[in-house]
Structure formats: structure tokens, C-alpha cells
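The next block holds one structure in the form of C-alpha cells; read it before the comments.
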Amino acid sequence: MGLTHWISLASALVFLFVAILAASNAKRSPLAAPLGRTCAALFAYDALEVLKHLTGRDELFALECAAAALVAPTTAALVIRFLGEWRRLRPLVLAGAVYFSLVALACIAAVVVPALRDFPGSEAWAMALLLGIVPEFGYLFVRLWAHARVSDAAERTRTQLLVLALVLGVGGASSDLVSIAGAATPRLAALGLIAGALVLAALSLRYELLERVETLAAVYAGAIGSVALLAHLFLLAVLGEQPTLLALLMVAVTLAAVATLRPLLAMRSESRARTAYLVTLGRFSAQMAHDVKNPLAAIRGAAQFLREERAQGRSIDDQAMFVDLIVEQTERLERVIQDYQRLGRAEAQRAPVTVRALVDEVAEAQRAASSKHTIRVEVDEDGLEAALDRDLVLGALENLVRNAREAMPEGGHVTLRARRASTHAIVLEVEDDGPGMDVRTQEQAFDDFFTTKATGSGLGLAFVGRVATAHHGSARLEAVEPHGTRVVLTLQT
């Protein structure tokens, strides 16, 4: 093999390593799945490039061209996940996936359709890929540049490294495509891909493109990737004259490499999920026990007093206050149970509410809970009224202010705002000047059980989202310049 093909083989190893590493982190990082798919497509492209050189089979060249087409949509999906704009830009991803999949299908069909036999690797093939790559990735580079401008230092570094990996990989591949299309440009795909692969590996391990990568997972990924590469080299040496069998066995080796890790990953993922569920259930139970304990203690104390009075032969006719206390605390217990039922259902029971009074109540309660933070209230009209479920909205705002306090150091500021959005809608905002959260965390923040806190249950913001839905509204997170977070609740009244 020549130097170019050795470089392709090395980049295939790196891409396989990162793909396995992503698979090991699939349950904990939103970037794991798109990163794994991108690296798997790049691994297939590089491996097929080497196989084509060793065997000279046209079928493998057609598959290589198909793999090249599939790299583009998987890479675009990775970038959009990184930007935290998956929900907003999903149509762009789907449109690109359909377009590049059609190009890939045309390459695969060339194996059996004589009319398409000359399409893979042709000028038309190169122009088709460039027509999809240039506008899609041009837009994504603009979005990455805008994202880097408003990010903190750590996120800016990650963004710059991702841009570098894209420039090396996409730029190198594009140089080959431009050359195939007829322009006199050097072909830099092999060098660009190996450099891009190394940057992606560094970004995943050192700069946390994948969250909380464990050393053990990285060691397993490297070991399995190395064994798979050695197996590929052995098959090339033994079966170089039998390309069909060679291709099938190399695919089998790659699948076996991933499958080897799957039982361990599944066991560890299930263990983590079970532990997280039990921790959440424990915290939920502890909170419920706390809420039930006080009224039960009051009921027991009153009942014991009345029983002692009867045991001493004294009349309890004059002890109506203790009977009333038992009734009151029983009613309180009933309300606690109803509140927990409603927490799960978040069903709005609307009534007229003075918004200023509601927001002031939240602010006063949170000021009493912590004197280390300043809590301000801004309401655009004191007489603002709305038909809301007071208890649900109160609980949501308390959750948000408490989260804001916990996210900030001492001396931080929390601002509660309320304004009328339209005749039938109001907007409630809770803004802090804490460290903020990255865009990927923002996109997941309202998911059930998602939390970045070591002691968090992941239920607080999920409940806030359900409260907004119960009021036929929406909840969203916004970054605040230069740092901080704003939660915006839009509620239909």
C-alpha cells in the first residue's frame, strides 16, 4: 500500500475508536449518538478506500462513494446537536439526509444497474455532493461562528476545535470533489480526514465533546479498536485475492468489535439508570415523608392528649380545639396527597389571580429562605390579573427561583418579571446572573429526570414544563449576556 492508503487505514482506526467511545457514553451525552454515526460512516469510507485499493473491485468503489455521501448528513446532525438547535433545525437535517441518501442509493444501484455504472466517482457525482455540502455546511459554519461569539471560554474552545475538525475533514474531502469535478486542485482528503479524526478524538477526550468520559471506557474503546484493526490487516493479508469474502469478513469483524462492548455497556447503563431511578424515588419519598410528618405529628399529639384526658376521668367537652386540630390536620394531609397527585398530572384548575400578589409571595418566601441573594420583582402593571391555577404556577415559580439561587454564588441576583403578552396570555420570567448553561443542556433541561446536579432529581424543570403545557403555553430557556440564564413561561389565560 502507498502512503495515502496507510493514512486512510490510520484514520479508520481513529474513527473506529471514537465511534466505540461514543457508544460507551450513549446514555449520558446528547452528542454520543450523532458522533458515533458520523465516525462510523467515516470509518466505512476509509476502510472501503483501502479495500478498493487492495482488490481493485468496482463494487467496493461504488460502496465507498455511497459511504462518502452518507458522511455529510451525519456530520450535519452532529453539528446541530452541538449547537443545541435540533428541534429548530431538524427540517434542515431531514432535507440533507434525503438528498445525500438519494446520491448514496444511486451509487449502490450502480452495482447492478448498467446505466448508473459510471456515476460513482464521476464528475456528476462530485458536483451532486458539492451542491449539497456547500450550502449546508456554509450555513453551519456561520452558526458555529455565531455560537462561539456568545459562549464562555470553555465552550468557545470546544467550538473552535469542532470547526477545525470540520475544516480539515470537510475541506479535505471537498478538495477531492472539486478536483474530480474538473478543477486543478490538490487532493487532500486523506490528510484532512486523519487530521480531523485526531482533532475529534482530542475534542472527545480532553475537551469534553462527550460528557463525563470514563478512563475505563476510553481504554476499552482503544483496545477493541486496535484488535479490530489487527484483524482487518490479517484478513487483508490472507484473503486479498477474494474481495467478496474479504469485505464480508471485515464487516463482521467491525460488528463484532461493537458487539463485544455492548453487553458491558448495557449492563453499566442499566445499573446507572436503576441507581438514578432509586435515588430519585428516594428523594421523592423523603420529600413526601417530610410533608406528611408534621400533620401526622399534630394529629397524634392531639389524640394522645384527648385519650389521656379520658383516662384521667376528665371530660373532653372543653377540648374542642384539639378536635378541631385533628380535623384541620386531616384536611391538610388530604391537601398534601392531592398536591402530589396533581404534581404528576399538572392539571390546571383556573381561577382569577392577581399576578403581582402571586409573584410577591414567591419573592418573599425565597428571601426568607436565603438572605445571601437579592430577589427583585418587576411587573408591568400592578392590576394585572389572569385566570391561572394559582398553586401550580406558584410551585413552578418557586422551583425556578430556588434553582436560580442554587446556581449562583453568594451575592447573586434573581429577577422575577411578569408582563402581558396579549389579551389572552401572560409571560413570567425568572432571570439569574449565575454561570449559565451550555446550549446542549438547555435543550434537555425540561426532560424528565435530566439534571446536572449531583443531588438533583431532574423533576423540577420537568414539572415547570408540565405547568406551562397545562396552561396551553410554553417554557423555554434563554442565555443572558454576559452570563446567566432566563426561564420564560408563556401562559394562556
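Worth pointing out:
- Residue check, T74 at negative phi and without any contact (Cβ under 8 Å) to a residue 60 or more places away in the chain: yes
- Residue selected from the stretch 1-23 under the condition of a type in the set (G, A, S) and touching a Ser or Thr at 6+ places or on another chain (Cβ under 9 Å), by the criterion modelled with the lowest pLDDT: A22
Let's see how each residue does on (1) within 20 Å of V111 (Cα to Cα); (2) outside the structural domain of F141 (by TED's automatic domain parsing); (3) of a type outside the set (S, T, Y); (4) surrounded by fewer than 24 Cβ atoms within 10 Å (Cβ to Cβ):
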site	(1), (2), (3), (4)
F17	no, no, yes, no
L51	yes, no, yes, no
F61	yes, no, yes, yes
E64	yes, no, yes, yes
F82	no, no, yes, no
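- Looking only at the stretch 300-319, residues that are closer than 24 Å to L333 by Cβ and modelled with pLDDT under 80 come to 2 in all.
- Looking across the stretch 112-168, the residues that are in a helix (DSSP H, G or I), of a type in the set (G, A, S) and over 21 Å from A183 (Cβ atoms) come down to A115, A146, A148, A153, A154, A165.
- Which listed residue, of V401, V323, is under 19 Å from R419 (Cα atoms), in contact with a helix residue (DSSP H, G or I) (Cβ under 9 Å, 6 or more places away or on another chain) and either modelled with pLDDT under 80 or assigned to a helix (DSSP H, G or I) (or both): V401
- Evaluated against (1) modelled with pLDDT of 90 or more; (2) exposed (fewer than 15 other Cβ atoms within 10 Å of the Cβ); (3) not aliphatic (A, V, I, L, M), F137 falls short on exactly one condition, (2).
- Residue match in the stretch 359-382 (condition: in the same structural domain as H471 (by TED's automatic domain parsing), closer than 24 Å to H471 by Cα and hydroxyl-bearing (S, T, Y)): no
- Residue list for the stretch 362-389, restricted to those being at pLDDT 85 or above and either aliphatic (A, V, I, L, M) or part of a helix (DSSP H, G or I) (or both): A386, A387, L388
- Test result for L200, in contact with a helix residue (DSSP H, G or I) (Cβ under 6 Å, 6 or more places away or on another chain), at pLDDT 80 or above and closer than 18 Å to F137 by Cβ: no
- Residue count for the stretch 462-493 satisfying the condition of being within 22 Å of the chain's Cα centre (by Cα), polar (S, T, N, Q) and surrounded by fewer than 20 Cβ atoms within 10 Å (Cβ to Cβ): 2.
The values are calculated or read from the model by the stated rules, or taken from the named source; none is laboratory data. Everything quoted here is computed from the prediction, not taken from an experiment. A quick note on method: Cβ atoms are made from the backbone with ideal geometry, for glycine too, and the neighbour counts reach across all protein chains shown.
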